[in-house]
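The values are calculated or read from the model by the stated rules, or taken from the named source; none is laboratory data. Values in this document were obtained by computation on a predicted structure and should not be read as measured data. All Cβ positions, even for glycine, are placed from backbone atoms using ideal geometry, and neighbour counts span all protein chains on display. These accessible areas exclude ligands, DNA and RNA; they are computed on the full protein's heavy atoms, side chains included. Shrake-Rupley method; radii C 1.70, N 1.55, O 1.52, S 1.80 Å.
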Amino acid sequence: MPLAKLFDYALPEGMPARVGDRVVVPFGARQRLGIVAEIDAASDLPVSRMKAIAAVRDDAPPLPDDWLQLMHFLSGYYQRPLGETMISALPPRLRSVRPLPRKSLSSASATSSARFVPTHALTPDQTRAFERVLEAYGRFEAFLLHGITGSGKTEVYLNLIARALERGGQALVLVPEISLTPQLEGRFCQAFPEVRLAVMHSALEDVARTSGWLEAARGEAGIVLGTRLGVLAPLPKLALIVVDEEHDPSFKQQEGLRYSARDAAVYRAKLAGCPVVLGSATPSLESWHNWRAGRYERLELPERAAPGARLPAVRIVDLGRESAEQGIAASLWSALAARVEKNEQSLIFINRRGYAPVLACENCGWTAGCTRCSARMVLHAADRRLRCHHCGAESAIPRACPTCGNVDLKPVGRGTQRIEEALQARFPAARIVRIDRDSARRRGELTRTLDGIRRGEGDILVGTQLLAKGHDFPGLTLVGVLNADTALVSTDYRAPERLFAVLAQVAGRAGRRERPGEVLVQTRYPGHPLFGALARHDFSGFADSQLAERRAAGFPPYVFEAALRAEARKLERAMRFLREAAAVAAVPDEVHVFDPVPNTLTRRAGLERAQLLVQSSSRPALQAFLGDLSDKLFAQAERDVRWHLDVDPIEFD
Ligand code: ADP
Ligand code: ZN
Ligand code: ZN
């Protein structure tokens, strides 16, 4: 139950329940699934007044000790009830009181061999990184694999996994998105044709998710490839953890148990006594700081692995000097034309889907807004709809301005669809391929499109961040970046870090083979140091200067943070809840509680939102305060306010 307590049940004589067993218990009028957390001879409650455990489930392996320890840690660290933490870590089918059907119990034959089919002989840099991690097998050590885009990090992972399997161990590989990088799964299957690979992500159907989990829990799956939730799977023979693209914000869960899968992975590696490899071209500043502080060891891959491949040349296009047509600067238009001429692929990156972010009346200034959010509706021209990207609300495009009746409503700004239209108009014979969350609704379709692009189908790709992640398009030689500036004027101190990572990722799509790549970044702030570092491919310099700024300003990772957030029908109610909450727990000297403020996106899906920030330079002091605070808030049980704590928050919308 989402309650911060454990419930006592009597263990009937002769019933062999142990800690970690899933059990069926009476709860109120119904039966529920529970997990045995402790077995105690004594209880505050007399046995005569206790209800008894109804049944012990043996349809799945009992939850092992190190898994239970991980759950205790996550529950304490992220301030969520233990029961909720454990239950949400199980695949949905195993949360049910219904036992699994018999046939799912039969375990797979353990005849699979660990045969490894390498694709390439490792380069000297790859070998050095590989051998260094190898030395740490059998004990905990954290490595930061800092390898530029195309440096062959995946090849290093595969070699490390092969050695973990050889030793009879299991390897856990966490990636930001699986459904968007279908070729990754393929690469693993090719490299290990006879090894059981369990894939884990939330979009899997119940049956697949349950059987993958069972294979992992029984130690049959040699490799578990998953998104963040993979870190919650029981792995009795865990010997290696890899977190690829460790800087990616999607490793932080944004609801329920708000855990960071990257941080949980490091903790898990400690529990299991195995090495953990955090890989990225643009490590998170937290990990960079951990390396600088001596907690992680950095392994560098400074060059591209494929023969002849170089990092692309990055040019900054000054929009103050160069005119833009349809949002695209003259030099980018001509670079595109040259590629179309030579039959090479180009990619236009614009991180905004839809046709235009605003539909406006030029006559009276009206804009189409969402009735449930403090946000504008985005115009989707393809199916002639207005959509709210925050709550999913939809409506038809109005025929006339609802305020003044003007029938000439204008799209303002640009999204992927509008750029696609402009490109098609300029290059009528070229094949323009748009890739964003709207075009990629169905998984199979995206896979086919991406395969086609790799085979050279498509001349100009237009896409959002979806196109940035991990794809290898051999024929791509030009990348154009359209709207990088919004992040530069953001009030979020993490915006530059994210922008650098995204730009380095998209830029990394260009020139991955012999033909050199070129990247054009359009901006109104050509002198911004971020662009200088990007053009020099100098992540280290950028990271160090960002850390210096964070230290001077007193931001993480130099202080620790948590956010208390509240949602209510009326903003004043949410604000009052936060003001009162700040007073229920005693605030230690090392902890600073800021005043509550409304969120930037104050209204979302019909609820008003506010938050207060808690900061401390002492992690123990912060944790003690949060523990006290959440105990008191859970005890209060307010009905008209929804609240949660977010420890180490990274989103502040
Ligand atoms: P990263 O994940 O670091 O961006 P990848 O692992 O995707 O890089 O590798 C980039 C490209 O380099 C791939 O096409 C891969 O096949 C190739 N590659 C990797 N290692 C080697 C190697 N040792 N020799 C030749 N090519 C390699
Ligand atoms: Zn109007
Ligand atoms: Zn909305």
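What the table below lists for this structure:
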read-out	value
Label-point separation in nm, A425 to R310, each point 7 Å along Cα→Cβ	3.7 nm
Calculated on alpha-carbon atoms, Rg and Dmax of segment 22-89 in Å	13.3, 36
Two-site label geometry, D631 and C189: point separation in nm, points 7 Å out along Cα→Cβ	5.2 nm
Cβ crowding within 10 Å averaged over residues, with 618-630, 401-413 ranked highest first	618-630, 401-413
Share of alpha-carbon pairs per 5 Å distance bin for segment 546-600, given as whole %	4, 16, 22, 18, 16, 13, 8, 3, 0
Portion, in percent, of the accessible area of the chain that falls on carbon or sulfur, probe 1.4 Å	50 percent
Beta bridges by DSSP in the chain, antiparallel share as percent, to the nearest 5	45 percent
Relative counts (whole %) of C-alpha pair distances in the chain, using bins that are 20 Å wide	16, 48, 32, 4, 0
With Cα atoms, 0 to 90° folded angle of helix 619-636 axis to the chain main axis	70 degrees
Dipole of the chain [Lys/Arg +1, Asp/Glu -1 at C-beta], most positive-end residue of G152, Y137, V412	V412
Full-extension gain in nm, D492 to A208, via 0.36 nm per residue minus C-alpha separation	98.3 nm
Low-density loop cleavage sites - GluC sites (Glu not before Pro) in segment 252-297, where at most 12 other Cβ are within 10 Å (DSSP)	E255
Solvent-accessible heavy-atom area per residue, rounded to whole Å², over the chain at 1.4 Å	44 Å²
Test item: Cα-centred dipole of the chain, Lys/Arg +1 and Asp/Glu -1 on Cβ, debye	1420 debye
Cβ charges +1 (Lys, Arg) and -1 (Asp, Glu), total dipole of segment 124-301, debye	500 debye
Disulfide-incompatible cysteines by the Cβ rule (no partner under 4.7 Å) in the chain	C189, C274, C391
Pairwise FRET efficiency - R399 versus R441, Cβ, R0 = 30 Å, nearest 0.05	0.60
Fully extended contour minus Cα-Cα distance, from R18 to A548, at 0.36 nm per residue	185.7 nm
Under-18-angstrom lysine pairs by C-alpha in the chain, whenever the two are 8 or more apart or on separate chains	5
Estimated distance in nm for a label pair at A330 and R218, the labels positioned 7 Å out from Cα along Cα-to-Cβ	6.8 nm
Over the chain: helical MRE at 222 nm, DSSP H runs n ≥ 4 each giving -39500 (n - 2.57), nearest 500	-9000 deg cm²/dmol
Cα extents of segment 486-527 along the three principal axes, largest first (Å)	40, 19, 13
Karplus (6.51, -1.76, 1.60) ³J(HN,Hα), θ = phi - 60°, over segment 270-279, in Hz, Gly and Pro reported as x	4, 4, 7, x, 9, x, 10, 10, 9, x
